[in-house]
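Data block below; observations after.
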Amino acid sequence: MDKKWLPLTVMLGVAGVAVVTASLWPDAKEKPPLPQSLCYGALSRQTAELIDDGKGGEVSTEEWESKGKGDLTVFKTCQVMRANRDSDYPRGIYQLIIEDFRSDPGPRKDSVPLGLGFTGWVLPDEARVTLPAGCAARMGSTSPYIMVTLKAPSQEEKKSLVDRDTAIRNSATVVREAATNLVKRYGCKA
């Protein structure tokens, strides 16, 4: 090799290594993968995204739990939120509440039965499912009922974001999946 080409060869070799290293080097802004299980493992990300307020945005959740009222022991709440384009603060879309009850309050007026093996009811902006009898004890409660309630104010009929049937279908899908996953998690089949 001619010595006059040696500096150019070395320089091209160093530049090639730098390009390869830069392309393989992790980006400092890389975000961790989004969790696929939300709300105490009750919802998949895909199902959590079904209910929207029409403004889009990435889904996130805030979960908290406390002792129920009086002698009730189960109270878990999951707030499903969406990111705002113009703000660092996400906006609340709906809540999923898991709590024990002494008695079944029954269906709400104008609600649709949940059906398909579940005891519960659905409205566009609210839905409730009762978990099988064995779930209360497995979740540490002495009351006979554990209920999963969805409250989705963005789906109220007066807001006209989605038609009634779509809102009912989405709300039913969310509470059905939540019930199915909680039954699996606690091993309390009917």
The number of residues in the stretch 124-136 that are open to solvent by 20 Å² or more (accessible area, probe 1.4 Å) and in contact with a helix residue (DSSP H, G or I) (Cβ under 9 Å, 6 or more places away or on another chain) is 6
Among the numbered conditions (1) within 22 Å of GLN36 (Cα to Cα); (2) assigned to a helix (DSSP H, G or I); (3) in contact (Cβ under 8 Å) with a residue 60 or more places away in the chain; (4) of a type in the set (A, V, I, L, M, F, W, C), tell me where VAL183 comes up short.
(3)
Count - residues of the stretch 144-179 that are assigned to a loop (DSSP other than H, G, I, E, B) and either open to solvent by 10 Å² or more (accessible area, probe 1.4 Å) or free of Cβ contacts under 8 Å to residues at least 24 places away in the same chain (or both)
6
When PRO107 is run through (1) more than 15 Å from VAL183 (Cα to Cα); (2) within 23 Å of the chain's Cα centre (by Cα); (3) surrounded by 15 or more Cβ atoms within 10 Å (Cβ to Cβ), the failure sits at (2)
Kindly check whether there is at least one residue in the stretch 138-159 that is of a type in the set (S, T, N, Q) and over 24 Å from LYS76 (Cβ atoms).
no
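Let's see how each residue does on (1) without any contact (Cβ under 8 Å) to a residue 24 or more places away in the chain; (2) open to solvent by 80 Å² or more (accessible area, probe 1.4 Å); (3) outside any loop (DSSP other than H, G, I, E, B):
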| position | (1), (2), (3) |
| --- | --- |
| TYR40 | no, no, no |
| THR47 | no, no, yes |
| ASP71 | no, yes, no |
| LYS76 | no, no, yes |
| GLN79 | yes, no, yes |
| ARG85 | no, yes, no |
| GLY92 | yes, no, yes |
| ILE98 | no, no, yes |
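The values are calculated or read from the model by the stated rules, or taken from the named source; none is laboratory data. Just so you know, these numbers come straight off a predicted model, no measurement behind them. Note: ideal-geometry Cβ built from the backbone for every residue, glycine included; neighbour counts use all protein chains shown. Heavy atoms of the whole protein, side chains included, go into the accessibility calculation; ligands, DNA and RNA do not. Shrake-Rupley method; radii C 1.70, N 1.55, O 1.52, S 1.80 Å.
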